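Every number in this text was worked out from the coordinates using simple rules, so none of it is lab data. Computed from a prediction, not measured in an experiment: that's the story for all the values here. Glycine gets a Cβ as well: all are built from the backbone with ideal geometry, and neighbour counts include every protein chain shown.
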Amino acid sequence: MLKRELKINLKSLIIWTGILVLMFALIFAIYPSLINEETKYMITKMMDTMPDDILATFNMDIVGIETAYGWFKTEGYTFLTLIGGLYAAIVGATILVKEENDKTIEFLISKPISRESIVTSKILCGMINILILSGLVTIVNFICLRNIEDFELKEFLIISLLPMLLYFMLFFITLFLSTFFKKTRSSMSLGIAIVFISYLMQIIGGMGEKVEFIKNISLFEFVSSRYVILNNTVDTKYLIAGAVIILLTILGTYKRYHDKEFL
């Protein structure tokens, strides 16, 4: 089952990984040539006109974007979490329910394969693909940055690998929610909506103290790079909370799928 799942999902893994790898490689290749005294001055003037809350949302109040590594810690990290999060959510939202959508579930349950085995193979496939995507992107970014400038290795590794917590949360949340659907289109739409709503909650929550509570319940806040940049470590409370969310959604998925009516 696992080998079958990996083969089926290989194309989407290549596409999404390719998007991230090519985007970062291209930006890191051209970024040094774009930065000179004139562009540095223009960046400084532009940032002076931006509200402090907006700068803080993208970490631009504590990190300059005059270097490629600085860009990676601000706008680059946004791309890493948002694009990777979309991939994880889509995989979770479709990998299990597609058996019903494609009418292959009737064939599977007629075989000596338990429902738990089906769920386990889907989970392992999703986790392996997320690890591959995150690992390849991290390796490419490391090679590109090492060739153009110095950077803090520990901080780089934490910032590069921390998004996996977000990826796994989105994967398992959407996997659980997909057990309430029979069509991949509906399930995938919900998964994509969860990603963008959660991202917008983090942005809106960073616009002032009155709405800060909105940011604190965003999944993207679990992997905020700001804490890493300021403390050179991860926020333990979010790791624990994320692990609890993952565990509960895994248990919920097994329970829902075991009791689900297919015919």
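Using 0.36 nm times the number of residues separating D259 and Y41, minus their current alpha carbon distance, what extension gain do you get?
72.3 nm
Using Cα pairs under 8 angstrom and six or more residues apart, how large is the relative contact order of the chain, in percent?
Once normalised by length, the contact order is 26 percent.
Per residue Cα convex hull volume for the chain, in cubic angstrom?
Taking only Cα atoms, the chain has a hull volume of 128 Å³ per residue.
For helix 10-34, what angle does its Cα long axis make with the longest principal axis of the chain, in degrees from 0 to 90 and rounded to 10?
0
Can you pull the one-decimal nm distance between simple spin-label points at K7 and I62, each 7 Å off the Cα toward Cβ?
4.8
At what distance in nm do the modelled label points of E106 and V244 sit from each other, each positioned 7 Å from its Cα along Cα→Cβ?
4.4
In sequence order, what are the phi-derived ³J(HN,Hα) couplings for segment 213-220 according to the Karplus relation 6.51 cos²θ - 1.76 cosθ + 1.60 with θ = phi - 60°, rounded to whole Hz, with x for glycine and proline?
Result, rounded to whole Hz: 4, 5, 5, 5, 9, 7, 4, 5.
Using 22 Å as the Cα-Cα cut-off, could you pick out the over-long pairs in K45/K215; K11/K73; K3/K103; K215/K255; K7/K98?
K45/K215; K11/K73; K215/K255
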